[in-house]
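Colleague: Handing you this structure, nothing more for now.
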Amino acid sequence: MPNSLAREKSPYLLQHAANPVDWLAWGETAFAKSRAENKPIFLSIGYSTCHWCHVMAHESFENPAIAALLNEHFVPVKVDREERPDVDRVYMTYVQAMTGHGGWPLSAWLTPDLKPFYGGTYYPPEDRNGRPGFGSILQVIARGWSDDRTKLVAEANRVIDNLREHYAGRGPAGSGDGGTPGSESLVDAGSAAFERGFQYFYEAFDSANGGFGGAPKFPRAANLEFLLRVAALQGVESELGREAVGMTVGTLQAMARGGIHDHVGGGFHRYSVDERWFVPHFEKMLYDQAQIAANLLAARQATGDERFAWTARDVLAYAVRELRTPAGGFHTAEDADSATSDGGHAEGAFYVWTHAEIASAVGADAPLFSAHYGITEGGNVPPELDPQGEFRGRNILAQTRPLAETAQAFNLPVQEANDRLMAALDRLRSARARRPRPHRDDKILTATNGLMISALARAHQVLGADDPTGIRWLETANGAASFIQRELYDGFQGVLFRAWREGRSDIRGFAEDYALLIQGLLDLYEAGFDLRWLRWAGQLQSKMDELFWDEAAGGYFNSAADDSSIVLRLKEDHDGAEPAPSSVAAMNLLRLSALLNSDGLRDRARRTLAAFQPQWSRSPQALPQMLCALELALEPPRHAVIAGDPDTDDFRALIGVLHERIGPRRSLLALDGGAGQAWLAAHAPWLAEMKPTDGRATVYLCEEYACHAPTSDPATLRELLRK
């Protein structure tokens with residue numbers, strides 16, 4: 001008999017609808033039951049493509065004895081962290097403060113007024129190696145609630161009061177006054193933070209394997225974005241610039257060679273459990289594809305190396321092929337686990353290969369392919385990297401040596417070796433298509449679609465309109481933005497909604513939804529110069545300010561003020577798998593201020609940066625994306641204004657030069673000589689008289705509140721950009 005989750009739309013909640021646990025979704029029904037029965041809430045948070053969530057579900061939530069304990073003594077509540085990131089962050093903050101670590105599945109026990117008094121992450125079903133199992137913990141907590149409830153309630157109150165005081169005192173995370181340093185203070189602190197941030201990554205860089213630190217390794221895109229901004233500021237040919245580019249390139253190349261990269265189907269897995277990027281956690285997240293693609297495109301601009309362009313195409317083509325809906329939006333993720341040939345499920349089953357499977361699919365080129373990708377008869381995953389034994393006798397594809405070395409070993413010209421390897425990958429792709437695909441989390445999230453819109457817009461800028469993949473980057477980005485505007489935006493109220501699956505959810509958007517979509521719209525405007533996206537970005541920024549801005553201390557809360565179920569209103573002060581909303585918002589405000597000539601928006605951006613100054617001054621590596629915004633705040637606005645028709649060859653030639661190399665950030669504006677130019681000139685009167693020269697598209701480079709002589713010649717523009 002299904003439980004109440006059968007009525008939900010979230011794929012994660014639906015995965016638990018057949019559990020014997022009497023799950024309820026987060027909401028007043030669950031809260032009222034807890035109050036009426038005076039039972040604590042057991043809160044379980046995860047997401048549908050989470051491997052360890054699946055493990056705990058199978059071991060514990062499908063176990064009738066454990067389900068009976070949960071149903072008798074608790075009110076069990078399930079939350080999809082991707083639908084409710086606000087709930088997740090509150091209780092993850094608690095678990096991290098209590099245990100020193102976090103992760104999913106997240107397990108927390110709450111009083112009826114939603115305050116946590118105990119928590120952790122994954123628990124095995126029974127006691128193991130001196131560690132209490134989930135069943136034992138449930139029994140102890142149930143007895144504690146029965147016999148010493150007052151103590152547990154007091155502990156919950158104490159914890160929440162301490163967290164509230166802690167974050168309020170820090171300014172960024174709470175509602176207290178974090179102070180607003182003066183301009184000179186921000187400049188000095190920003191310069192020092194940039195230096196310390198670079199030094200941190202320089203010292204943490206793994207020169208042998210790429211990335212930073214040891215295992216596990218995550219593709220944290222904000223780190224690479226920061227390093228490329230260091231290179232742009234210092235100059236890519238400077239000593240510091242070469243170091244910054246070298247760390248970025250070394251990391252991206254190692255990832256592209258490693259098992260974290262799906263060499264057969266494209267895209268990147270979530271993270272690597274080892275320091276060599278070899279054994280991945282196999283789920284594929286939309287937000288990773290978008291941000292890694294953006295890193296690769298920026299690396300192409302920094303180096304001119306076409307290999308980064310091709311890898312970016314590989315990532316984006318995967319996302320368009322496997323995650324895009326016919327209506328234009330992008331699904332959230334693909335699972336790590338999938339069905340095996342014996343009817344079970346295992347992590348990576350869709351992606352790993354036996355030696356015999358490789359030989360059967362590839363044929364005569366199997367020795368060449370196996371040598372290049374490290375295939376062995378007994379499997380290539382060391383036992384210490386396979387604690388569950390899921391990869392025994394199987395191989396993960398990872399490039400073990402350069403193409404030229406493989407070609408030489410087989411006495412082949414490099415181009416022929418490459419062609420034969422590509423043909424082998426095609427045959428493997430066909431063979432893999434006959435396997436059961438991993439589960440796809442088919443909800444569409446506003447925030448992650450914002451990231452993908454940004455990546456596609458930047459692909460149009462760097463790769464151009466006519467791409468060998470046949471994908472029209474700009475059209476695809478426009479389609480995603482149109483989907484969000486049509487399906488996840490209430491124009492009457494001016495508000496965004498969080499998720500769509502078989503219709504729009506009733507969950508309103510959070511700060512990250514606004515920030516990341518606004519960023520995507522600004523990138524989309526600067527790629528195609530359609531003013532509707534710039535106008536909408538400005539409207540959404542006003543609504544974001546209304547709903548999430550902290551007037552007392554600056555910066556943006558994660559959630560709006562009107563949700564009584566959020567016991568601790570937080571601001572994200574860490575750029576993790578996705579950048580913090582305030583980091584993105586600070587950059588958005590600065591970009592909008594330059595595009596719309598608004599000192600008010602610039603002041604709000606500086607207040608946001610000042611609010612988080614204690615954090616980025618103390619630990620700049622925690623907020624690398626915010627440091628990128630700080631760069632823009634401390635520099636005078638720069639503009640590249642192109643008068644002409646974006647659909648003409650002369651316009652495209654000029655815009656192509658602007659995107660050839662990384663350099664100082666410039667706001668891009670297109671002037672059409674008509675209504676669009678009039679709208680922009682109403683905000684920035686100095687744009688009114690800028691016109692094409694002799695009927696040809698003309699670019700005006702402006703900085704320090706002055707403009708160079710206009711030019712219609714790409715070569716002249718290239719020289720101006722080098723000055």
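The values are calculated or read from the model by the stated rules, or taken from the named source; none is laboratory data. Remember, it's a predicted structure, so these values are computed and weren't measured experimentally. Neighbour counts run over all protein chains shown; Cβ positions are idealised from the backbone, glycine included. For the accessible areas, the whole protein counts, side chains as well, though only heavy atoms, and no ligand, DNA or RNA atoms are used. Shrake-Rupley method; radii C 1.70, N 1.55, O 1.52, S 1.80 Å.
Colleague: Of the numbered conditions (1) part of a helix (DSSP H, G or I); (2) on the phi < 0 side of the Ramachandran plot; (3) touching a residue at least 12 places away in the same chain (Cβ under 8 Å), Ala359 satisfies every one except a single condition; which is it?
Modeller: (3)
Colleague: Of all residues in region 469-519, which are closer than 19 Å to Ala561 by Cβ and open to solvent by 40 Å² or more (accessible area, probe 1.4 Å)?
Modeller: Hits for region 469-519 are Gln493, Asp506, Arg508.
Colleague: I need a count of the residues in region 69-113 that are assigned to a loop (DSSP other than H, G, I, E, B) and within 21 Å of the chain's Cα centre (by Cα).
Modeller: 9
Colleague: Moving on to the next point. I need the full set of residues from region 519-558 which are among the aliphatic types (A, V, I, L, M) and over 23 Å from Ala675 (Cβ atoms), in order please.
Modeller: Correct list: Met544, Leu547, Ala552, Ala553.
Colleague: Report the residue count in region 272-290 for those that are out of contact with any Ser or Thr (no Cβ under 7 Å at 6 or more places or on another chain), of a type outside the set (Gly, Ala, Ser) and either in a loop (DSSP other than H, G, I, E, B) or crowded, with 21+ Cβ neighbours inside 10 Å (or both).
Modeller: Qualifying residue count for the region: 10.
Colleague: Considering only region 574-606, how many residues are part of a loop (DSSP other than H, G, I, E, B) and open to solvent by 10 Å² or more (accessible area, probe 1.4 Å)?
Modeller: Of region 574-606, the ones part of a loop (DSSP other than H, G, I, E, B) are 574-580, 597-598.
Add one more test, that the residue is open to solvent by 10 Å² or more (accessible area, probe 1.4 Å), and what stays is 574, 576-579, 597-598.
Number satisfying all stated conditions: 7.
Colleague: Could you say which residue among Ala336, Ala417 is aliphatic (A, V, I, L, M) and either touching a Pro at 6+ places or on another chain (Cβ under 8 Å) or surrounded by fewer than 16 Cβ atoms within 10 Å (Cβ to Cβ) (or both)?
Modeller: Values: Ala417 fails: either touching a Pro at 6+ places or on another chain (Cβ under 8 Å) or surrounded by fewer than 16 Cβ atoms within 10 Å (Cβ to Cβ) (or both).
That would be Ala336, the only listed residue that is aliphatic (A, V, I, L, M) and either touching a Pro at 6+ places or on another chain (Cβ under 8 Å) or surrounded by fewer than 16 Cβ atoms within 10 Å (Cβ to Cβ) (or both).
Colleague: Tell me which residues, restricted to region 106-132, are open to solvent by 30 Å² or more (accessible area, probe 1.4 Å) and either aromatic (Phe, Trp, Tyr) or touching a residue at least 40 places away in the same chain (Cβ under 8 Å) (or both).
Modeller: Those that are open to solvent by 30 Å² or more (accessible area, probe 1.4 Å) and either aromatic (Phe, Trp, Tyr) or touching a residue at least 40 places away in the same chain (Cβ under 8 Å) (or both): Asp113, Lys115, Tyr118, Tyr122.
Colleague: Let me ask something additional. Open to solvent by less than 50 Å² (accessible area, probe 1.4 Å) and on the phi > 0 side of the Ramachandran plot: is that true of Gly46 in this structure?
Modeller: Numbers: open to solvent by less than 50 Å² (accessible area, probe 1.4 Å): yes; on the phi > 0 side of the Ramachandran plot: no.
Taking the combined requirement at face value, the residue does not satisfy it.
Colleague: Output the residue which, of all residues in region 228-260 that are in contact (Cβ under 8 Å) with a residue 12 or more places away in the chain and not in a helix (DSSP H, G or I), is surrounded by the fewest Cβ atoms within 10 Å (Cβ to Cβ).
Modeller: So, considering only residues that are in contact (Cβ under 8 Å) with a residue 12 or more places away in the chain and not in a helix (DSSP H, G or I), the one surrounded by the fewest Cβ atoms within 10 Å (Cβ to Cβ) is Val236.
Colleague: Let me ask another. Which residue pairs have Cβ atoms under 9 Å apart, sit 6 or more places apart or on different chains, and have a first residue in region 304-320 that is part of a loop (DSSP other than H, G, I, E, B) and a second that is open to solvent by 10 Å² or more (accessible area, probe 1.4 Å)?
Modeller: Filtered contacts from region 304-320: Gly304/Glu660; Gly304/Arg661; Asp305/Val249.
Colleague: Answer yes if at least one residue in region 210-227 is open to solvent by less than 20 Å² (accessible area, probe 1.4 Å), at pLDDT below 95 and within 25 Å of the chain's Cα centre (by Cα), and no otherwise.
Modeller: The answer is yes, given that some residue of region 210-227 is open to solvent by less than 20 Å² (accessible area, probe 1.4 Å), at pLDDT below 95 and within 25 Å of the chain's Cα centre (by Cα).
Colleague: Does region 271-281 include one or more residues that are within 28 Å of Ala477 (Cα to Cα), modelled with pLDDT of 95 or more and either of a type outside the set (Ser, Thr, Tyr) or touching a helix residue (DSSP H, G or I) at 6+ places or on another chain (Cβ under 6 Å) (or both)?
Modeller: No, the conditions are met nowhere in region 271-281.
Colleague: Still on this structure, I have one more. Cβ-Cβ distance below 8 Å, separation of 6 or more or different chains: which pairs start in region 534-545 with a residue that is closer than 16 Å to Ser559 by Cα and end on one that is among the β-branched types (Val, Ile, Thr)?
Modeller: Short answer, once both residue conditions are applied: Leu540/Ile518; Gln541/Ile518; Lys543/Val495; Met544/Ile518.
Colleague: May I ask you to list pairs of residues, at least six apart or on different chains, whose Cβ atoms are under 7 Å apart, with the first in region 375-386 being farther than 16 Å from Leu428 by Cβ and the second being open to solvent by less than 30 Å² (accessible area, probe 1.4 Å) and of a type in the set (Phe, Trp, Tyr)?
Modeller: Gly379/Phe391; Val381/Phe391
Colleague: Among what's in region 24-39 and is open to solvent by 40 Å² or more (accessible area, probe 1.4 Å) and among the polar types (S, T, N, Q), pick the residue that is nearest to Asp86 (Cα to Cα).
Modeller: Thr29
Colleague: When Ala653 is evaluated against the numbered criteria (1) closer than 29 Å to Phe497 by Cβ; (2) at pLDDT 95 or above, which criterion, by number, is the only one it fails?
Modeller: (1)
Colleague: Considering every residue within region 294-301, establish whether at least one is at pLDDT 95 or above and closer than 27 Å to Gly103 by Cα.
Modeller: Yes, there is a match, as at least one residue in region 294-301 is at pLDDT 95 or above and closer than 27 Å to Gly103 by Cα.
Colleague: Right, next: Select from region 537-554 the residues that are part of a loop (DSSP other than H, G, I, E, B) and closer than 19 Å to Ser598 by Cβ and write down the one among them that is farthest from the chain's Cα centre (by Cα).
Modeller: Glu551
Colleague: In region 369-386, how many residues are surrounded by fewer than 23 Cβ atoms within 10 Å (Cβ to Cβ), part of a helix (DSSP H, G or I) and either out of contact with any Ser or Thr (no Cβ under 7 Å at 6 or more places or on another chain) or not hydrophobic (A, V, I, L, M, F, W, C) (or both)?
Modeller: The number of residues fulfilling the criteria is 4.
Colleague: Could I ask something else about it? Checking Val21 against (1) closer than 17 Å to Ser107 by Cα; (2) open to solvent by 20 Å² or more (accessible area, probe 1.4 Å): exactly one of these is not met. Which one?
Modeller: (2)
Colleague: Name the residues in region 420-439 that are open to solvent by less than 80 Å² (accessible area, probe 1.4 Å) and either within 30 Å of Glu83 (Cβ to Cβ) or modelled with pLDDT under 95 (or both), would you?
Modeller: Answer for region 420-439, where residues must be open to solvent by less than 80 Å² (accessible area, probe 1.4 Å) and either within 30 Å of Glu83 (Cβ to Cβ) or modelled with pLDDT under 95 (or both): Arg435, Pro436, Pro438, His439.
Colleague: Right, next: Determine which member of the set Lys78, Lys39 is among the charged types (D, E, K, R), under 24 Å from Gly133 (Cα atoms) and in contact with a Ser or Thr (Cβ under 8 Å, 6 or more places away or on another chain).
Modeller: Of the residues listed, the single one that is among the charged types (D, E, K, R), under 24 Å from Gly133 (Cα atoms) and in contact with a Ser or Thr (Cβ under 8 Å, 6 or more places away or on another chain) is Lys78.
Colleague: Taking region 347-356 as the region of interest, how many residues are surrounded by fewer than 21 Cβ atoms within 10 Å (Cβ to Cβ) and either out of contact with any strand residue (DSSP E or B) (no Cβ under 9 Å at 6 or more places or on another chain) or at pLDDT below 95 (or both)? First the steps, then the outcome.
Modeller: First, the residues of region 347-356 that are surrounded by fewer than 21 Cβ atoms within 10 Å (Cβ to Cβ): 354-356.
Next cut, either out of contact with any strand residue (DSSP E or B) (no Cβ under 9 Å at 6 or more places or on another chain) or at pLDDT below 95 (or both) only: 356.
Here the count works out to 1.
Colleague: Restricted to region 410-454, and to residues that are in contact with an Asp or Glu (Cβ under 8 Å, 6 or more places away or on another chain) and of a type in the set (D, E, K, R), which residue is farthest from Trp310 (Cα to Cα)?
Modeller: Lys443
Colleague: With Pro620, Pro614, Pro636 as the choices, which residue is at pLDDT below 95 and out of contact with any Asp or Glu (no Cβ under 6 Å at 6 or more places or on another chain)?
Modeller: Pro614
Colleague: Right, something else. Could you run through region 2-20 and say how many residues are assigned to a helix (DSSP H, G or I), aliphatic (A, V, I, L, M) and more than 12 Å from Ser48 (Cα to Cα)?
Modeller: First pass over region 2-20, keeping only residues assigned to a helix (DSSP H, G or I): 4-7, 11-15.
With aliphatic (A, V, I, L, M) added as a condition, the list becomes 5-6, 13-14.
Adding the requirement that they be more than 12 Å from Ser48 (Cα to Cα) leaves 5-6.
Residues in region 2-20 being assigned to a helix (DSSP H, G or I), aliphatic (A, V, I, L, M) and more than 12 Å from Ser48 (Cα to Cα): 2 in total.
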